[in-house]
Amino acid sequence: MNLDGIAGVAHEPEGTPAGVVALTHGAGGNRDSPMLRALCDEWARRGWLAVRYNLPYRRRRPKGPPSGSAAADIEGIVDAVATVRALADGPVIAGGHSYGGRMTSMAVADGLHLDVLTLFSYPLHPPGKPERARVEHLPRITVPTVFTHGTADPFGTLDEIRPAAGLIGAATDIVEVTGARHDLGSKKLDVPALAVDAALRRLG
């Protein structure tokens, strides 16, 4: 399984995969974030082939935030989903944490087909700047979407996320992670299991 082109790592299930999942990282992270590892492990346990991969800006340099790379990163997401889609039959689920989820949502708004879009800590606005809401593209999304979001996330409150999710032209779910901030860390909740459960429900 050659994933070098997308700098990806596969988590393989036992037996024939039920479908494929492609997940990517936030602005300051990479494919090796603990959350992406835990999510992909959970998907593999459920019988899915899950791939965590680096966005193009992260392939170019190991540290630092994206800078003017949105168009290239969206193109990289489209390529990554195509690569992962070719690995197994079945539904295709994709998304990511923060910036990676936002870029995936923009790719979907521009026509990337998925069965479910899964967004972790969607960065609705910069911390302390709710007037700069990143919602323009959301009405163009027409696939079921799951938001997994902490109740203490400075990039958007649950009261702000709910109407934003309502802009999407398909069914949405919000997995609330009580007390969690942007990293979705929780000592009480199994966040990967809750997020996977919600995505599977949206498959019907």
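The values are calculated or read from the model by the stated rules, or taken from the named source; none is laboratory data. Here the structure is a predicted model, which is why all the values come from computation and not from measurement. FYI the Cβ positions are ideal-geometry reconstructions off the backbone, even for glycines, and counts take in every protein chain you see. Areas reflect the complete protein model, heavy atoms only, side chains present, ligands, DNA and RNA absent. Shrake-Rupley method; radii C 1.70, N 1.55, O 1.52, S 1.80 Å.
A few comments on the model shown:
- Mean Kyte hydropathy of -1.0 or more with a Cα span along the axis of at least 20 Å, helices from DSSP in the chain: 70-85
- Remark: the chain carries 44 Å² of accessible area per residue (probe radius 1.4 Å; ligands, DNA and RNA excluded).
- Entry note, the chain: the mean residue ellipticity at 222 nm calculated from DSSP H runs of n ≥ 4, each adding -39500 (n - 2.57), is -9500 deg cm²/dmol after division by the residues and rounding to the nearest 500.
- Listed values [x] 8, 30, 35, 21, 6, 0; [y] 8, 31, 31, 19, 8, 3, 1, 0, 0; [z] 9, 40, 39, 11, 0 include one computed from this model; for P(r) over Cα pairs in 10 Å bins from 0, in percent that value carries the label [z].
- Chain lengthening between Ala71 and Ser186 when straightened (0.36 nm per residue, less Cα-Cα): 38.1 nm
- Residue-count net charge about Val92 - beta-carbon cut-off 12 Å; Lys, Arg +1, Asp, Glu -1: -1
- The antiparallel fraction among DSSP beta bridges confined to the stretch 4-202 stands at about 15%.
- Cross-link reach list, lysines versus Lys129, counting only Cα pairs under 16 Å and skipping chain neighbours closer than eight places: none
- Candidate aspartates and glutamates for bridging to Lys187, where Cα separation is under 15 Å - those fewer than 8 sequence places away on the same chain excluded: Glu176
- Taking the protein heavy atoms of the chain in the context of the full set of protein chains, the accessible area attributed to carbon and sulfur is 51 percent at 1.4 Å.
- Seen from a random direction on average, the alpha-carbon convex hull of the stretch 112-174 projects onto 3.9 square nanometres.
- Three semi-axes describe the equivalent ellipsoid of the stretch 30-76; taken as square roots of 5 times the Cα gyration tensor eigenvalues and ordered largest first, they are 25, 12, 7 Å.
- Zone of Arg60's modelled label, taken as backbone nitrogen in the stretch 87-106 under 18 Å from a point 7 Å along Cα→Cβ: 99-100, 103-104
- Neighbourhood net charge (14 Å Cβ-Cβ; Lys/Arg +1, Asp/Glu -1) for Pro126: +1
- Contact order, relative form, for the chain: 18 percent (alpha carbon pairs under 8 Å, 6 or more residues apart, mean separation divided by residue count).
- Listed residues Leu87, Ile77, Trp43: farthest to the positive end of the dipole of the stretch 1-123 (Cβ charges): Ile77
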